[in-house]
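Please treat every number below as a calculation from the coordinates, not as lab data. Fair warning: this is a prediction, and the values are worked out from it, not measured in the lab. In this analysis, Cβ positions are derived from the backbone assuming ideal geometry, glycine residues included, and neighbour counts consider all displayed protein chains.
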Amino acid sequence: MTTRQHSSFAIVFILGLLAMLMPLSIDMYLPALPVISAQFGVPAGSTQMTLSTYILGFALGQLIYGPMADSFGRKPVVLGGTLVFAAAAVACALAQTIDQLIVMRFFHGLAAAAASVVINALMRNIYPKEEFSRMMSFVMLVTTIAPLMAPIVGGWVLVWLSWHYIFWILASLFTFVPLLVTLRRCSVISVS
């Protein structure tokens with residue numbers, strides 16, 4: 001494998017991990033909905049609000065992060081978004097009431113949108129037209145793995161631990177991604 005191929009693989013892997021934010025944080029969490037309802041003693045509709053607020057936050061984040069990335073650069077937006085995502089995941093894990101969980105899931109979704117917005121722009125800047133489609137398909141391949149594996153992992157975590165650990169895992173994983181970006185010195189993510 002040449003240095004260029006190795007570098008492309010690393011970039012695609014990092015961008016694929018970033019693209020997994022949304023599907024992982026929804027699909028890994030789905031098996032826990034009935035357990036959360038029972039633990040907080042609330043109807044299923046209240047627990048389902050955690051998904052609605054997550055998606056609302058994600059939708060609003062799409063409007064916010066594009067202009068932010070244009071103004072401040074993509075790297076600070078991606079790093080900040082993933083770190084806020086990890087912090088929101090910790091807050092979700094520590095939630096003591098369904099209301100706290102609903103509010104934290106909004107911020108969780110809001111932070112997840114940062115990566116989603118920036119990935120397409122990064123891919124267009126990194127790769128020429130001829131290579132863009134092929135590399136984007138690799139990112140999508142990595143992303144497609146998330147909704148396939150996340151419910152299985154979430155169910156396993158739920159059986160062996162508790163729903164809180166789903167959020168601890170998300171926090172750990174997406175604290176690791178900014179470290180990867182920083183250690184890799186992915187100058188590509190600095191592109192304005």
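Figures for the structure shown
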item	result
Simple Cβ-charge dipole of the chain, Lys/Arg +1 and Asp/Glu -1, about Cα centre, in debye nearest 20	500
For the range 3-190, diffusion coefficient by Stokes-Einstein and Kirkwood Rh (Cα), 25 °C, 0.890 mPa s, µm²/s	146
log10 of Debye I(q)/I(0), alpha-carbon scatterers only, for the range 1-95 at 0.18, 0.22 Å⁻¹	-0.96, -1.21
Under-5 Å amide H pairs with residue 73, H placed in peptide plane, nonlocal only	none
Mean Cβ neighbour count within 10 Å, used as a protection proxy, ranking 17-25, 51-59, 65-73 highest first	17-25, 51-59, 65-73
